[in-house]
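The values are calculated or read from the model by the stated rules, or taken from the named source; none is laboratory data. Everything numeric here is computed off the predicted structure, so don't read it as measured data. Cβ coordinates were reconstructed from backbone atoms using ideal geometry, including for glycine residues, and neighbour counts include every protein chain displayed. The protein model used for the area step is the full one, side chains on, heavy atoms only, and it has no ligands, DNA or RNA in it. Shrake-Rupley method; radii C 1.70, N 1.55, O 1.52, S 1.80 Å.
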There are 2 protein chains.
Amino acid sequence: MLHIFHDYLHAKFPITEQEFALIEQVAIQRRLRKRQYLLQEGDVWKYDAFVCKGLMRTYRVDDKGQEHIIQFCPENWWTGDRQSYVTGEPARYNIEAYEDSEVILIPKADFREIRMKIPALNNFIFDLLERSFIALQNRVNSNIMHTAEEKYAQFLKTYPDMSNRVPLHMIASFLGITPETLSRVRSHQLKK
Amino acid sequence: MLHIFHDYLHAKFPITEQEFALIEQVAIQRRLRKRQYLLQEGDVWKYDAFVCKGLMRTYRVDDKGQEHIIQFCPENWWTGDRQSYVTGEPARYNIEAYEDSEVILIPKADFREIRMKIPALNNFIFDLLERSFIALQNRVNSNIMHTAEEKYAQFLKTYPDMSNRVPLHMIASFLGITPETLSRVRSHQLKK
DNA sequence: TTACAGCCTTGACATTTGTCAAGGTTTTTT
DNA sequence: AAAAAACCTTGACAAATGTCAAGGCTGTAA
């Protein structure tokens, strides 16, 4: 599992083997079966998590018991609850494996130390956060200026492979529409 | 104008006068009258911008000519188009002064250099980005799980002073609803 | 195999939100 | 002061989306 992370980092910025060893020392490897949880609402999230394999979903449950998916996280992406991570508050999100997965966890304090020792890593993480920010902003955009149909079309364009990996009702949840509406939007698009 | 930025930074993290002088050397001070633009769609955004005074709005225009407000930025906040900044693409957003404003611009290349020279600044900017990310994520949340009425209630809670500074139709635009819907939501809330 | 659970679709109907048009008020400009 | 523009509200109606219920399909478990 670690070699995937190793290759990923090497592809992203120059990192020596000595530097990678620092990460290796503190990395926690975790295998998750489908439906196992990485984080449950109420717990405090204290890691940086890299998904080597599989697919995680982050969701939240509202007062009516409805699930709302905030993020899909496939292999080679990072996941976690940044709000809980930063503030120390209990998480409002659940993170669950939707496929059998392999995840590397790096405890917050360790990761901070290592980032300070490896400036290139620190810069990379900064870039990553910047890109996540941009992605989120585009999503807000999509939410406030598009109809259900346009949002779905944009989803397909932005995450083309995701549509094969998760059921439609989860895509609906991610988009903030009901499964019925998504179903109708789709049958409408077919007619074109 | 610079002293406001000076005080802001001092309040946020320890910074020496020598360090601040580095920033001062490259800082561009700009005064904007209401309705003047800081950025226009199509231009490339190359600054980090701190608002000392006033209020900026970032918005986008869709195919039908409709404006959609992405961000309000009052004094003591940072603004800009991060997508254009990071990728070098032409901006899709407009940034306009909604009140007479004073803004400090720091060119991207200079800011990067200074951040590398002042680790505490770099860490602070990282924290800031992290918090912006969290705020955006909460907004996505609100968008996908709430009705117009709930979104407005949450807006009032999250940005209590903003409701006194901008007209209602701009709040509607920010929330992704029509002014008429907002008006009805408000009259409905009064009845409670 | 049978039974079951999860998933997707469809129809009928309710609710929410958008659109268009009008009017009144306030603010800004001339 | 007068005129114009911006802003907010309201009504009537249309369109989009949600809710509820039913049914069929598919893959998995017993």
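Of the residues making up segment A:36-59, not one is farther than 20 Å from residue A:99 by Cβ and within 16 Å of DNA strand D (Cβ to nearest atom). Screening residue B:184 against (1) within 11 Å of DNA strand D (Cβ to nearest atom); (2) within 13 Å of another protein chain (Cβ to nearest Cβ) leaves a single unmet condition, (2). Answer yes or no as to whether residue A:128 is more than 11 Å from DNA strand C (Cβ to nearest atom), within 21 Å of the chain's Cα centre (by Cα), surrounded by fewer than 19 Cβ atoms within 10 Å (Cβ to Cβ) and at pLDDT 95 or above. Here the answer is yes, as residue A:128 does meet what is asked.
Candidates A:102, A:113: the one that is within 14 Å of chain B (Cβ to nearest Cβ), more than 30 Å from residue A:183 (Cα to Cα), open to solvent by 20 Å² or more (accessible area, probe 1.4 Å) and among the charged types (D, E, K, R) is A:113.
With a requirement of 2 or more residues that are within 16 Å of DNA strand C (Cβ to nearest atom), the strands (runs of 3 or more DSSP E) lying completely within segment B:56-122 that satisfy it span B:67-74, B:94-97.
If only residues of segment A:154-184 that are open to solvent by less than 60 Å² (accessible area, probe 1.4 Å) and within 9 Å of DNA strand C (Cβ to nearest atom) are counted, the one that is farthest from residue A:70 (Cα to Cα) is A:181. Six or more apart or on different chains, Cβ atoms under 8 Å: show the pairs whose first residue is in segment B:129-152 and more than 7 Å from chain A (Cβ to nearest Cβ) and in contact (Cβ under 8 Å) with a residue 24 or more places away in the chain and whose second is small (Gly, Ala, Ser) and in a helix (DSSP H, G or I). If the second residue must be small (Gly, Ala, Ser) and in a helix (DSSP H, G or I), the pairs left are B:151/B:142. Taken over segment B:32-65, residues that are within 15 Å of residue B:79 (Cβ to Cβ) and of a type in the set (Lys, Arg) amount to 4. Within segment B:154-168, can one find any residue that is away from chain A (no Cβ under 11 Å), free of Cβ contacts under 8 Å to residues at least 24 places away in the same chain and under 23 Å from residue A:58 (Cβ atoms)? Within segment B:154-168, one or more residues are away from chain A (no Cβ under 11 Å), free of Cβ contacts under 8 Å to residues at least 24 places away in the same chain and under 23 Å from residue A:58 (Cβ atoms). The residues of segment A:158-173 that are part of a loop (DSSP other than H, G, I, E, B) and either of a type in the set (Phe, Trp, Tyr) or farther than 19 Å from residue B:140 by Cβ (or both), listed by number, are A:159, A:160, A:161, A:167. In the condition set (1) within 12 Å of chain A (Cβ to nearest Cβ); (2) within 28 Å of residue A:80 (Cα to Cα); (3) of a type outside the set (Val, Ile, Thr); (4) within 16 Å of DNA strand D (Cβ to nearest atom), residue B:172 is compliant with all but (2). Filtering segment A:57-82 to residues that are free of Cβ contacts under 8 Å to residues at least 12 places away in the same chain and open to solvent by less than 30 Å² (accessible area, probe 1.4 Å) leaves only A:62. Scan segment A:48-56 and tell me whether some residue there is in the same structural domain as residue A:83 (by TED's automatic domain parsing), surrounded by 14 or more Cβ atoms within 10 Å (Cβ to Cβ), β-branched (Val, Ile, Thr) and at pLDDT below 95. Looking for residues that are in the same structural domain as residue A:83 (by TED's automatic domain parsing), surrounded by 14 or more Cβ atoms within 10 Å (Cβ to Cβ), β-branched (Val, Ile, Thr) and at pLDDT below 95, one finds none in segment A:48-56, hence no. Yes or no: residue A:91 among the aliphatic types (A, V, I, L, M) and either within 16 Å of DNA strand D (Cβ to nearest atom) or surrounded by fewer than 14 Cβ atoms within 10 Å (Cβ to Cβ) (or both)? For residue A:91, the condition - among the aliphatic types (A, V, I, L, M) and either within 16 Å of DNA strand D (Cβ to nearest atom) or surrounded by fewer than 14 Cβ atoms within 10 Å (Cβ to Cβ) (or both) - is not met.
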